[in-house]
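Some notes on the structure that comes next.
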Amino acid sequence: MALFDVCLPSLSWPQDCTASLFGAKGKSTSRLYDPPYSTSPGFIFPPGYDTVAFLKPYTTGDEKVKLEFNHGTTTLAFKFEHGVIVAVDSRASAGKYISTQYANKVIEINPYLLGTMSGSAADCMYWERLLAQHCRIYRLRNKEEISVSAASKLLSNMLSEYRGMGLSIGSMICGWDKKGPGLYYIDESGTRLSNYMFSTGSGSSYAYGVMDSGWRQDLSVLEAYDLAQRAIYHATHRDAYSGGTVNMYHMKKDGWIKVSQEDVGELHDKYAEEKK
């Protein structure tokens, strides 16, 4: 920073053109020459630029050009006696085009926290990786892991400051802390909910149907694995935008483990044989 102060003392930049990480309408609190040379995280906007007002005609207004993106996925998570089960499909779509069948929709934040992706892959990956960074800083400062509640609240606060700016996120934060297993849902508006079961994405209604019929608090570990796998499979069978493989994780007291990665085609044959 000493060399930075010596080399760039005369550069100037309008103070009201930056948005801090925790407030899109905030102003830079450091000196005028911060952006674009500053390493502090944030987004740079022209002076007087209102992102929400600019985007509104293209989303809910009368503008002929509409920013309507097709998103397709199925993710689920539920708590039970032995922790939290997380299961997701792996098909990533770009409109009506299937871009890949092997997308990883579970973000491994730390050994005790997992995040899921639903909506825009870029948005989910950016914000959950940023969350992972803050969780790491918390651990270094406090000598302990951040709680699931605090991590989900941090993500919710960050997203709420960018409400109406075109983000598309429906994420679940799952983990284990001093209070036991935790499960929260967060979306792009900053909404934060806690429950024992969540499913997101275009195939979530099918997944909910399977989970509601088979979930119990006292499920055995193998029963929970089978329930999560069946729920994702049936969602991929009915929803054209979900498919690929079923990736399943189990959050335990001593951290998460990846349970399996099963191709939905093989699961289809397996369940078809059971019906005979």
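The values are calculated or read from the model by the stated rules, or taken from the named source; none is laboratory data. Worth saying up front: this structure is predicted, and the values here are computed from it rather than measured. Cβ: placed from backbone, ideal geometry, glycine included. Neighbour counts: every protein chain shown. Side chains are part of the model used for accessible areas, which takes the heavy atoms of the whole protein and leaves out ligands, DNA and RNA. Shrake-Rupley method; radii C 1.70, N 1.55, O 1.52, S 1.80 Å.
Every condition in (1) in contact with a strand residue (DSSP E or B) (Cβ under 6 Å, 6 or more places away or on another chain); (2) of a type in the set (Ser, Thr, Tyr); (3) under 29 Å from Lys153 (Cα atoms) holds for Thr191 except the one numbered (1). Pull up the stretch 250-271, narrow it to residues that are hydrophobic (A, V, I, L, M, F, W, C) and not in a helix (DSSP H, G or I), then point me to the one that is surrounded by the most Cβ atoms within 10 Å (Cβ to Cβ). If we take residues in the stretch 250-271 being hydrophobic (A, V, I, L, M, F, W, C) and not in a helix (DSSP H, G or I), then Met251 is surrounded by the most Cβ atoms within 10 Å (Cβ to Cβ). Checking Ala77, Ala53 one by one, the residue that is within 27 Å of Tyr162 (Cβ to Cβ) and either at pLDDT 85 or above or in contact with a strand residue (DSSP E or B) (Cβ under 6 Å, 6 or more places away or on another chain) (or both) is Ala77 and no other.
Determine, yes or no, whether Asp62 is at pLDDT below 70, open to solvent by less than 80 Å² (accessible area, probe 1.4 Å), outside any strand (DSSP E or B) and more than 30 Å from Glu262 (Cβ to Cβ). Break it down into steps so the answer makes sense when it comes.
Numbers: at pLDDT below 70: yes; open to solvent by less than 80 Å² (accessible area, probe 1.4 Å): no; outside any strand (DSSP E or B): yes; more than 30 Å from Glu262 (Cβ to Cβ): yes.
It is false that Asp62 is at pLDDT below 70, open to solvent by less than 80 Å² (accessible area, probe 1.4 Å), outside any strand (DSSP E or B) and more than 30 Å from Glu262 (Cβ to Cβ).
Count of the stretch 177-193 residues, restricted to those that are over 14 Å from Gly83 (Cβ atoms) and out of contact with any Ser or Thr (no Cβ under 8 Å at 6 or more places or on another chain), is 1. Considering the stretch 213-249, and only residues there that are in a loop (DSSP other than H, G, I, E, B) and acidic (Asp, Glu), the residue that is least open to solvent (accessible area, probe 1.4 Å) turns out to be Asp239. Restricting the stretch 122-135 to residues that are in contact (Cβ under 8 Å) with a residue 12 or more places away in the chain and more than 19 Å from Trp176 (Cβ to Cβ) leaves a set whose member that is most open to solvent (accessible area, probe 1.4 Å) is Arg129. Within the stretch 136-187, being open to solvent by 70 Å² or more (accessible area, probe 1.4 Å), in contact (Cβ under 8 Å) with a residue 12 or more places away in the chain and part of a loop (DSSP other than H, G, I, E, B) holds for Glu161, Arg163, Lys178, Lys179.
Against the definition (within 30 Å of Glu161 (Cα to Cα) and not acidic (Asp, Glu)), how does Ile232 come out, yes or no?
Working: within 30 Å of Glu161 (Cα to Cα): no; not acidic (Asp, Glu): yes.
No; evaluated as a whole, the condition is false for this residue.
Which one is nearest to Arg129 (Cα to Cα) among residues in the stretch 171-193 that are among the small types (Gly, Ala, Ser) and under 15 Å from the mean Cα position of the chain (by Cα)? Restricting to residues being among the small types (Gly, Ala, Ser) and under 15 Å from the mean Cα position of the chain (by Cα), the top hit is Ser171.
For the stretch 188-210, how many residues are assigned to a strand (DSSP E or B) and touching a Gly at 6+ places or on another chain (Cβ under 7 Å)? Write out each step before concluding.
Going through the stretch 188-210, the residues assigned to a strand (DSSP E or B) turn out to be 192-194, 197-200.
If we keep only those that are touching a Gly at 6+ places or on another chain (Cβ under 7 Å) too, we end up with 200.
So the answer is 1.
I'd like to know if the stretch 126-144 contains one or more residues that are closer than 30 Å to Gly265 by Cβ and at pLDDT below 90. No, the stretch 126-144 contains no residue that is closer than 30 Å to Gly265 by Cβ and at pLDDT below 90.
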